[in-house]
Each structure stands twice: as structure tokens, then as C-alpha cells.
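Presented below is the structure to which this report refers.
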Ligand code: ADP
Ligand code: MG
């Protein structure tokens with residue numbers, strides 16, 4: 001039977017205790033993400049988003065509660081088991097993209113397959129196809145240092161998806177991208193999550209990116225403050241509700257018309273009037 005929820009957390013808490021300074025970064029968080037569901041995780045800086053993602057990526061252990069991925073409880077795994085599990089089941093990109101500096105874009109992506117002992121001609125073709133889909137077909141052989149921040153981020157996204165993980169986690173994947181590229185990248189990201197029936201979570205500061213997600217979870221002070229699943233509400237949050245869209249279209253029509261009529265208006269400005 002296919003599992004309904006790929007990712008499930010129950011009352012997860014994470015307490016950092018560094019030199020007597022105790023911070024409850026994640027406080028009693030329960031979330032469930034289905035196969036093919038793309039979730040946007042939003043909230044102010046310091047609300048626990050990255051901590052949440054790091055626990056789901058098996059990079060950080062919870063203080064309390066339970067995290068399940070593909071039905072497997074993360075707490076009871078040894079470090080060695082967690083490493084193998086992470087390599088096979090989880091794809092992630094963090095703010096610092098952690099590309100290997102002496103490997104090309106293509107090699108960085110292929111690395112994930114090699115770690116899982118799935119290299120070969122087929123894998124190379126798969127990596128090229130994915131990088132091409134992300135608009136990097138002419139950058140396959142560039143080193144990270146030869147790529148712009150946005151290009152590096154796209155390589156990192158390709159690397160997070162190439163091994164067909166059950167769970168895909170991204171922390172601010174559009175931080176270094178211009179709006180147009182951010183839209184393209186998150187759209188492709190959403191498509192790949194939906195097509196592959198993966199569970200996806202994207203942390204974002206840019207609420208406009210929420211138009212591509214199926215559910216928005218808002219964190220405040222380590223807790224879940226709000227969960228939005230209604231399409232209209234998500235669109236409203238993303239500023240792309242029908243109302244806004246219409247308003248924008250009207251505005252651009254107006255400017256277009258103004259521009260067009262200006263073209264045909266003689267003596268438009270004092271500078272032109274003199275001619
Ligand atoms: P966000 O990603 O939403 O900005 P974080 O998960 O990075 O939030 O941080 C949540 C809280 O935990 C913050 O108060 C932060 O200062 C604290 N924190 C994060 N990482 C550590 C750490 N390694 N040691 C101690 N405190 C930390
Ligand atoms: Mg963060």
C-alpha cells in the first residue's frame with residue numbers, strides 16, 4: 001500500500017543549549033506532508049524554519065517528539081544509518097549551496113548518483129537533462145566559481161533532485177535569483193515535486209513564491225502559527241489573487257495606452273515642442 005504521508009512530525013521540539021544560553025528553536029511542531037505535496041514554510045527570521053529543515057534532513061537531532069520519513073522513525077537510527085538514509089531519500093539545498101568547488105556543475109550533480117552507486121551513461125544523461133531543464137545546458141562544464149550565485153543555486157537544486165529523493169527540502173532557494181528566474185526555478189521545482197510524487201518543503205522569505213505551493217505553514221517563535229491550504233488564501237498571501245492580478249493588468253494596460261498615445265501626440269514635451 002502506498003503511504004499517504006511521506007513526511008510526518010509529531011510534537012517536535014528542538015532546544016539549543018550553548019554555554020547556558022537555552023533557546024527553544026522549535027516548539028511542539030506537528031506537520032504532515034503527502035506524496036506530491038509542495039509546502040511553503042514562512043515566518044520571521046529566527047522562527048525556527050532552518051532548524052526544522054535541518055532535523056528533517058537528518059542533519060540535526062530533535063530534543064523531543066518524533067519525525068518520520070517514509071514511515072521510518074529518525075530518532076532510532078544510528079548516525080551511520082542516518083547518513084545512508086539521507087543520501088538515498090532526501091534532497092536538500094541550503095542557503096550556502098555547498099557545491100564542491102573543484103567539480104564542474106555536471107560533476108556536482110552526478111556526485112549524488114555516485115554516492116548512491118548509480119553512475120554510468122544513463123545517470124550522466126539524466127543529470128544533463130535536469131540541468132538543461134534548469135537552464136544550465138551551456139554551463140555543464142563550469143566550476144562553481146565560474147557561475148553566478150543564481151546559477152550555483154540552480155546547480156544545487158539539480159543536485160537535490162537527481163537521485164529521486166522521497167523528500168526535497170530547500171532553504172531560501174531563490175535568495176540569489178532575480179524575480180523572473182526565481183519564478184522559473186520555483187515553478188520547475190514544483191513540477192518536479194508533483195511529477196515525482198515527492199514531499200517538498202521550501203523555506204522562503206519571498207511570499208510571492210507561495211503561488212507555486214499547495215500549502216503554506218507559518219512559523220512564529222518556533223511554533224506553527226497558521227496553516228493555509230485554501231488556494232484563494234494562498235494566492236492572496238502571494239499577492240496574486242485574481243483581484244490583484246486584474247488590478248495589475250489594468251495598470252499595465254493603462255501605461256501601455258499612455259505610452260502608445262504619447263507616441264502619437266505632437267508637442268509631447270517642451271523638449272520635443274521646440275523641434
Ligand atoms: P529561521 O531559519 O526561521 O531564521 P533558525 O532555525 O535559524 O530560524 O533559528 C531559530 C532560533 O534558534 C533562533 O533564535 C536562533 O538564534 C537559534 N539558533 C539557531 N541555530 C542555533 C545554534 N546552532 N545554536 C544556538 N542557537 C541557535
Ligand atoms: Mg533560516
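Does residue 7 satisfy being touching a residue at least 60 places away in the same chain (Cβ under 8 Å), closer than 30 Å to residue 229 by Cα, crowded, with 19+ Cβ neighbours inside 10 Å and within 16 Å of ligand 2 (Cβ to nearest atom)?
no
Of the residues 49, 89, which is within 11 Å of ligand 1 (Cβ to nearest atom), under 18 Å from the mean Cα position of the chain (by Cα), in the same structural domain as residue 156 (by TED's automatic domain parsing) and closer than 29 Å to residue 191 by Cβ?
Step by step, each of 49, 89 is checked, and only 49 is within 11 Å of ligand 1 (Cβ to nearest atom), under 18 Å from the mean Cα position of the chain (by Cα), in the same structural domain as residue 156 (by TED's automatic domain parsing) and closer than 29 Å to residue 191 by Cβ.
Considering every residue within the range 11-22, establish whether at least one is within 24 Å of residue 187 (Cα to Cα) and more than 16 Å from ligand 1 (Cβ to nearest atom).
no
For the range 163-180, how many residues are within 16 Å of ligand 1 (Cβ to nearest atom) and out of contact with any strand residue (DSSP E or B) (no Cβ under 9 Å at 6 or more places or on another chain)?
1
For the range 129-168, give me each residue that is assigned to a helix (DSSP H, G or I), surrounded by fewer than 17 Cβ atoms within 10 Å (Cβ to Cβ), at pLDDT 95 or above and in contact with a helix residue (DSSP H, G or I) (Cβ under 7 Å, 6 or more places away or on another chain).
Scanning the range 129-168 gives a single hit, 137.
Go through (1) over 30 Å from residue 150 (Cα atoms); (2) within 16 Å of ligand 1 (Cβ to nearest atom); (3) surrounded by fewer than 20 Cβ atoms within 10 Å (Cβ to Cβ) for residue 96 and report which single condition fails.
Answer for residue 96: the failing condition is (1).
Give the residues of the range 191-241 that are closer than 18 Å to residue 51 by Cβ and at pLDDT below 95, sorted by residue number.
Correct list: 204, 205.
Which one of 171, 221, 206 is within 16 Å of ligand 2 (Cβ to nearest atom), closer than 19 Å to residue 86 by Cα and surrounded by fewer than 22 Cβ atoms within 10 Å (Cβ to Cβ)?
Residue meeting the stated conditions: 171.
The values are calculated or read from the model by the stated rules, or taken from the named source; none is laboratory data. Computed from a predicted structure; not experimentally measured. Don't worry about glycine lacking a Cβ; one is built from the backbone with ideal geometry, like all the others, and counts go over all protein chains shown.
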